[in-house]
Structure formats: structure tokens, C-alpha cells
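> Input: one structure, supplied below.
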Amino acid sequence: MTDIVLCTANARYHHCAFALRYLKANLGDLEHRAEIVEGTAQDRAIDLVERILSHRPRVVGLSVYIWNVALLTDVAAILAAVRPELEIVLGGPEVSFGVQAMPIAESASYVVSGEGERAFAELCASLLKGKRPSGKVVRAAPLNLEHLALPYRGYDDRDIAHRTVYVETSRGCPFGCEFCLSCLDRKVRRFPIDAVIEQVDALFARGARSFKFIDRALHLTDWRRLLGFFEARKDEGIFLHFEVVPDQISDELIEVLGGFRAGSIQLEAGVQTFDPQVAARIGRRQDVGRIERNISALLERTGVHLHTDLVLGLPGETLESMAAGFDRLMSLGVQEVQLGILKKLRGAPIARHDDAFEMVYSPVAPYELLRNRDVSFEQMQGLKRLARYFDLVHNGGRFSSYLELMRSQEASPWRVFTALSQHLYRETGKTAGIALKRLIELLFGYGVERGFGARETANCLYLDAAGDSRRGFPQRVLDHVCAQAVADAKTKTRPAQAGQAVPVRQRRHI
């Protein structure tokens, strides 16, 4: 019998439920009486319920996020129907604000709002002793991180071999970006760096080579100690992911990053907007000139993989200003640009602009913007498709030669991808589930339609496929590939890689 089951549905299998491992590690004497049950957002609710109840728990903790709230609402309802005596406890950002109005709350006994490691442990201890606290919502204050048990021994061998290993060295964010919940916790608190490095070293000894740091910005951490640890192991096939605020990167940090092998470090750089008035409106302080200088320096002096972010639909941003910002970022030569549609997260201050800018969001998670004063519903739908197709065709790193051909005809990347996006949607009517073979056929057809020769278009696509297996390359495109392109593809090799830990997507960009 397991008294406590901690459960969530991750967005994908390769993600790990970091929060559940924290909760379990901080249960104290109850830790050995708890189990973690992880599913994915694609699972059926009834299957998750069966897995949970197989442990015969008395308390079930559900970790709720925007990507799993619909599924976990069903899980909670089924649990409450099958086992009405079960104590169901909710936690996570999706239920930390306004939970009383959410359907999932009807099935829950308690909700823990905020950093729940201590509050959840205390609640479980009371419930297992038969003492039911009054009040449904437990408000948890920010914790002293020096007293928190670290969760890293909760990663098992399967996690290390096949899933993302998350690490954090700090909590809180000093920046005030109103679309992000991190702006509600402006005080940066740090874990003891020696303890974190000791745990990372233990994971490294067990074979972990890929680490994703979830700190809000690398410069807020003790990055000299952290990168010093990995620099001593840089030839052992590592892959590290950090978030950065691009105008806060120092020359010293750039110099240190330059000592790592190409592709072994990914930086997620949140640019969000190049419009200074829009940035000021949402509480984002940034120096656009320094952003450009730092990104250029990173690309010129280091081998980091730059994954940059822009948010589409911010209050006051027009289609023209979004296009100008996108073209400006693409001109720097970054490997990836993530085009994110603005979301109205529960509790985020971005809501204060709703009336003035006529912001209308979907009532269904993930609460994406549907329209606003400057962008119609139809235009927003087009932007969502643009974001998806751009990620598929550009960010995936497969079609560099083909995209260079397309851009030879049009200087603006925004116009290139807008037109391509419209073509792909017109031909398929969907933005997901397009097989690679079908995608190559679609790109070939579009190139010919734009006036490029069939041979020229096919040669570029064939050369792009050289880095991957060409099995399944569509015959109707192959028929136009010339002998010289075949010969060129045979000699096309990738440079030395940073190690097996570097994901395929990132390796394609090297």
C-alpha cells in the first residue's frame, strides 16, 4: 500500500515531472510512503486513474499546468466518483489563481497555492492522522531554499537515459514582464551552489550528459562556478540548456561560453519584441541595441545554439511591427526563432490591458489570444499557422538550402514564410501530422509554383536531405535531381559534433 500518490501528465514522454520529485523529496518521514505516477497529455484519463488506484492511496496530489488541466480535470472527477473518501490535493501554476471557479476544484479536497513542498508535506501529515484542516485553499509562502531538500536522487536510470534532466539553482525573477507569472516573485533566491553542483556531479557519474537549467536567466546564477564545473567536462559529450536575458549578457560570460564545443550549449534568449513602446507597456526593460550586439557576439565568438523568442499579439503591437521585429531578429543569423502566441496565464498582470486594447483570449487552455484591437481573429489564426510552419520548416534545421533559394527571391523573411505558410495550409488544411515525405513534396511544389526550376528546387531539397536518411525521399522529386547534386550530397558531411547528448535538431544547425 502507498499512502500518497503524486501524479501529473507531462506534455511529452521525454519531459520529467520536476515538481513531483521536489514534493516527494520534501515529505520527510512520509517519503517512503509515496509514489510518483507520470503520464503524458496524450493519455486517457481512465488509464491514469487505474494506475493511481493500483497503489491504493489515501492522498493523491495532482500537479496541474495549462497543458494538462483538461485531462487532470477528468482524472480528478473519476477519482472522486470511484473513491469518494480519497483526499485529492491540487497544486501547480494553473490552480494557484482563481481555482474556485475551475471545474477541477469541484473534485478536490484541497488546493495548495504557491511553492508547495513544505505545505503539501504538512497537509499530508495531517490528513494521514485523520485531521482535516479547515479551508480548501492552502496559501504557501516562498521558501528558504537553503532548507529545502533537493530532488535529484528522484531521477532514475530511465530518466537519465531517455528524458530531460531539469536543474535549478535559483527561484524568482527581477524582471517585470507582465505576461509571465515569474514577475510575481521579484526577489531572486538561490540554492546553495555547492549542494547543487554536488548533486549534478552525482548525476554525471550515473551517466547524465544533458541538463536543462530552469533558472529565469543564466546571469542570475553563480554561472562562473556552474560553467566551471562543466568546462572541466566539456569533452565528455555534454549538452546544456540555459535561459538568458540577451541584453544582460556580459563580455566575460561570452568569453567563457566560447570555450565550449559547438552545439554543446543552447541559450534560450527571450527577445519578445523589438518595439520599445510595447516593451515598456508590458513592463519589460531592455536595451535593443545591446540585444543585437550580444547576439552577434555570441554567434561570432562562440558555438552556442541560439533559440530566441518573440511573442505575437502583445498589446499595441501591429502586424507591421511584428514583421519588422521578426526580420530584424532573423537578420542576425540566429538558429531558431520561437514565435509564441500571447497567452493570458491565470494571475498574470497582462490582464490589465484587456479593455484598452480589446484583448480577447480563448477561455480554453492554453488561453491564447484570439484577437485584439490591432489584429483580427482571422489574422491571429494566420499568425498561429505561421508560427507552426516556421518551426517545422526553419527551426527544425532540415531545409537550409531550400530556404536560401526561397529567400533569393524575397528579402523579407516574414513575407517568405507568410507566403509559404499560406501555401502549406491551403494544400493540407492542417498544421500537424504532416509526414516528412509529404512535406518535401509540398515544398517542391511551392518552389516550382514560385518560378524556380524543378531541377533547382529538387537539388536543394535533396542536398538538405543528405544529413538525414534519404529513405522515403519522394520519387517525383527525386526524378528531377541531377547527377551533380547526388555527388554533392555524398560528400556532404557534418563537422565534429559536441557529443551524443546534443539533440538531432541542434546538430542539424551546426
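Laboratory data are not the source of any read-out in this text; all were calculated from the coordinates shown. Owing to the predicted nature of the structure, the values given are computational and were not obtained by experimental measurement. Backbone-built Cβ (ideal geometry, glycine too); neighbour counts: all protein chains shown.
> Give the Debye-formula value of log10 I(q)/I(0) at each listed q (0.05, 0.10, 0.12, 0.13 Å⁻¹), with one equal scatterer per alpha carbon of the chain, two decimals each.
Values, matching the q order: -0.22, -0.90, -1.27, -1.43.
> Does segment 377-510 come out rounded, prolate or oblate by the C-alpha gyration tensor, with a ≥ b ≥ c the root eigenvalues, rounded set by a/c under 1.5 and, if not, prolate when a/b is larger than b/c and oblate if not?
oblate
> Let me have the 222 nm mean residue ellipticity of the chain computed from DSSP H runs of 4+ only, each contributing -39500 (n - 2.57), with the sum over all residues rounded to the nearest 500.
So the helix-based figure for the chain works out to -11000 deg cm²/dmol.
> Which residue, chosen from HIS162, LEU342, ALA297, occupies the Cα position most advanced towards the positive end of the dipole of segment 150-375, where the dipole is computed from +1 (Lys, Arg) and -1 (Asp, Glu) charges on Cβ about the Cα centre?
Ranked along the dipole, the leading option is HIS162.
> A further question on this structure: In degrees, nearest 10, range 0 to 90: what is the angle between the Cα axis of helix 193-205 and the longest Cα principal axis of the chain?
The answer is roughly 70 degrees.
> Using the Cα centre as the reference, give the magnitude of the dipole from point charges on the C-beta atoms of the chain (Lys, Arg: +1; Asp, Glu: -1; all else neutral), rounded to the nearest 20 debye.
Result for the chain is approximately 640 debye, rounded to the nearest 20.
> Report the per residue volume, in Å³, of the convex hull enclosing the C-alpha atoms of segment 1-92.
84 Å³
> Once each part is reduced to its C-alpha centroid, what is the distance from segment 324-366 to segment 261-306 in angstrom?
Cα centroid to Cα centroid, the span is 17 Å.
> Same structure again: Note the full-extension length gain between ASP47 and GLU122 as 0.36 nm times their separation in residues minus their Cα-Cα distance, in nm to one decimal.
The ASP47-GLU122 span can extend by a further 24.1 nm.
> Could I ask something else about it? Relative contact order for segment 377-510 using alpha-carbon pairs under 8 Å, separation at least 6, rounded to a whole percent?
Worked out over segment 377-510, it gives 27 percent.
> If we count every other residue with Cβ under 14 angstrom of GLU38's Cβ, Lys/Arg +1 and Asp/Glu -1, where does the sum land?
Summing Lys/Arg as +1 and Asp/Glu as -1 gives +1.
> Which listed residue (GLY447, GLY472, SER408) has the Cα farthest towards the positive end of the charge dipole for segment 377-510, taking +1 on Lys and Arg C-beta and -1 on Asp and Glu C-beta about the Cα centre?
Selected residue: GLY472.
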